[in-house]
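This structure is in structure tokens; I'll ask about it shortly.
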Amino acid sequence: MEGLTLRIAIIIVCIVFLAAVSRQVAHGKLLLKYSLLWMTLAVASIVAALFPDPLFTISNALGFEAPSNFIFFTALFFLLAICLSLSIIVSKQATRIKNLVQQEALIEKRLESLESKDAR
Amino acid sequence: MKTLLIIPAYNEARNIAGVAQAVAEAGYDFIVINDGSTDDTLEVCREHDLPVLDLKQNLGIGGAVQAGHKYALENGYDVDVQFDGDGQHDIRYVPPLLDLIEQGADLAIGSRFVERTEGFRSSFMRRIGIRWLSGCICLFSGRRITDPTSGFRACSKRSISLFCRNYPTDYPEPESIVTAIGNGLSVQEAPVIMHERVGGASSIRALGSIYYMVKVSLAIAIMSLSRSKGMK
């Protein structure tokens, strides 16, 4: 098989990446559910490096001129999906923060009026 | 009708006391929403013993007004009126808006353009923007609203509960009109005269105005096409 060095390099990089992601999860800096996408990406790359033949077949079948183009295309698409999911998460959090801030102000106001009633 | 005036205030320390005084003299219940101001707005409110909802983070005009709607809902108000804390709105035009609500409107908008009124009518460029938004709303909802960016608006109980569930955050006025129409609420306009702001800056800055137009137009289009009812 040609490109053995490249494949070994890819596998090593992916394993290091997996280890780094796991470490973040273990240290509580990254939630497990958000790490899954990244881990899937790393594992998929390792599988592709171990058994590259299906990759070439698919690439040819879809009409890509070179398998590398197919890989770039897939990687880009994956990254786009991850970015979109990040935007969705951020939006959800913005809505939650807004609701919390409003709720907190309303509770504070209610507390204030209760206290002023008590004082009388 | 139990009426609440919602006064959103972001860095309005210089104006807020005067605006609140005018409102109190007219005999309305009101609540100042301090939208995470970085100046002394909150201190001025405390000093004058004004009722205030203090948002700890700046949410933007939409989040602030929505907090006011939530307060109105919690405290059983029949109508709430958004009344800006920068002195642009005139307390004398609150009764005509309330009349519209009493006659069955759910959202009564104080419009600068429904009649040839005098007073502050915005710059030429801004008027073109307002025309454009008015056209967008007409295209997507079939209703002609002459002043879609007006922040001087009265809401019935039905509008209040809709806006508590679903209110856009940054530039809420035109978008929320479409939401209201989409949910089958009745939207009416009454002529008002507005003043040039006394202090502070418009929430629509010159540089951001293109972004504003694109965002609001897009929001109107997406909202009318998806017809999603009351989310968030």
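The values are calculated or read from the model by the stated rules, or taken from the named source; none is laboratory data. Note that the structure is predicted; figures quoted are calculated from it, not measured. Cβ: placed from backbone, ideal geometry, glycine included. Neighbour counts: every protein chain shown. Remember, those area values only see protein heavy atoms, side chains included, never the ligands or the DNA or RNA. Shrake-Rupley method; radii C 1.70, N 1.55, O 1.52, S 1.80 Å.
Using only the alpha carbons of the protein assembly as shown, determine the length spanned along each of the three principal axes and report them from longest to shortest in whole angstroms.
88, 53, 34
What does the charge add up to near B:ALA17, with Lys and Arg as +1, Asp and Glu as -1, over the other residues with Cβ less than 12 Å from its Cβ?
The answer is -3.
If you don't mind, another one. Considering Cα pairs under 8 angstrom that are at least six residues apart, work out the relative contact order of chain B and quote it in whole percent.
That works out to 24 percent.
Longer than 20 Å from Cα to Cα, which of B:LYS2/B:LYS157; B:LYS2/B:LYS70; A:LYS98/B:LYS70; B:LYS70/B:LYS157; B:LYS2/B:LYS56; A:LYS109/B:LYS70 are they? Say none if no pair is.
Pairs exceeding the cut-off: B:LYS2/B:LYS56.
Using modelled backbone amide H atoms (1.01 Å from N, in-plane), which distant-in-sequence or interchain residues come within less than 5 Å of B:SER37's amide H?
Under 5 Å from the amide H of B:SER37 lie the amide H atoms of B:ASN11, each far enough along the sequence or on another chain.
May I pose another question? Could you derive backbone 3J(HN,Hα) for the stretch A:86-97 from the dihedral phi with the Karplus parameters 6.51, -1.76 and 1.60 (θ = phi - 60°), listing whole Hz in sequence and x where the residue is Gly or Pro?
Once rounded to whole Hz, the list reads 5, 4, 5, 4, 4, 4, 4, 5, 4, 4, 5, 4.
Amide H to amide H under 5 Å from B:ILE145: which residues, 5+ apart in sequence or cross-chain, H placed 1.01 Å off N in plane?
B:CYS138
Pull up the cross-link candidates among the aspartates and glutamates for B:LYS215, meaning alpha carbon to alpha carbon under 17 Å and not fewer than 8 places away within one chain.
Answer for B:LYS215, where 17 Å is the Cα cut-off: B:ASP170, B:GLU173, B:GLU175, listed by chain and number.
Placing +1 at every Lys and Arg Cβ and -1 at every Asp and Glu Cβ, with all other atoms neutral, what dipole size does the protein assembly as shown have around its Cα centre, in debye to the nearest 20?
1040 debye
Let me ask another. What size of dipole, in debye to the nearest 20, comes out for the stretch A:52-118 about its Cα centre when the only charges are +1 on Lys and Arg C-beta atoms and -1 on Asp and Glu C-beta atoms?
220 debye
Give the angle, between 0 and 90 degrees and rounded to the nearest 10, that separates the Cα long axis of helix B:16-25 from the longest principal axis of the Cα atoms of chain B.
Taking Cα atoms only, the helix is inclined about 90 degrees.
Would you compute, for the Cα atoms of the stretch B:125-201, the largest minus smallest coordinate along each principal axis and list the three values in descending order, in whole Å?
Projected onto its principal axes, the Cα set of the stretch B:125-201 covers 33, 27, 24 Å.
Scattering from the C-alpha atoms of chain A alone, worked out with Debye: what is log10 I(q)/I(0) at q = 0.10, 0.11 1/Å?
Summing over Cα pairs of chain A leads to -0.52, -0.58.
Pick from B:GLY104, B:GLY27, B:GLY85: which is most flexible by mean-square fluctuation in a GNM of chain B where alpha carbon atoms under 10 Å apart are linked?
With Cα springs under 10 Å in chain B, the top fluctuation among B:GLY104, B:GLY27, B:GLY85 is at B:GLY27.
Which ³J(HN,Hα) values in Hz, rounded to whole numbers, follow from the phi angles of the stretch A:40-46 under the Karplus curve 6.51 cos²θ - 1.76 cosθ + 1.60, where θ = phi - 60° and Gly and Pro get x?
In residue order, the calculated couplings are 4, 4, 5, 5, 4, 5, 5 Hz.
Apply the Karplus parameterisation 6.51 cos²θ - 1.76 cosθ + 1.60, with θ equal to phi minus 60°, to every residue of the stretch B:134-146 and state each ³J(HN,Hα) to the nearest whole Hz, in sequence, with x for glycine and proline.
Taking θ as phi minus 60°, the curve returns 4, x, 4, 5, 5, 4, 8, 10, x, 10, 8, 10, 6 Hz for the stretch B:134-146.
Sequence-distant or interchain residues sharing an amide H contact under 5 Å with B:LEU185, placed H: which?
It is none; the list stays empty.
Note down the relative contact order for chain A as a percent, whole number, built from C-alpha pairs under 8 angstrom at least six residues apart.
19 percent
Identify, among B:ILE33, B:SER159, B:HIS48, the residue whose Cα sits farthest towards the positive end of the charge dipole of the stretch B:3-231, taking +1 on the Cβ of Lys and Arg and -1 on the Cβ of Asp and Glu, with the dipole about the Cα centre.
Result: B:SER159.
With every protein chain left in place, what is the accessible area of B:CYS138 in Å² (1.4 Å probe, nearest 10)?
Number for this one is 40 Å².
Here is a further query. Based on DSSP, what percent of beta bridges with both residues in the protein assembly as shown are antiparallel, to the nearest 5?
Antiparallel bridges make up about 25 percent of those DSSP assigns within the protein assembly as shown.
Just to be sure I understand: with springs between alpha-carbon atoms less than 10 Å apart, which residue in A:VAL101, A:VAL13, A:VAL90 has the highest mean-square fluctuation in the Gaussian network model of chain A?
A:VAL101
To the nearest hundred square angstrom, how large is the accessible surface buried between B and A, total for both chains, probe 1.4 angstrom?
Buried surface at the B/A interface: approximately 1400 Å².
B:LEU42 accessible area, nearest 10 Å², 1.4 Å probe?
Here the accessible area works out near 40 Å².
Ok, one more. Which percent of Cα pairs goes in each bin when the distances of the stretch A:68-120 are cut into 10 angstrom slices starting at zero?
Result returned by the calculation: 21, 21, 17, 15, 12, 8, 5, 1.
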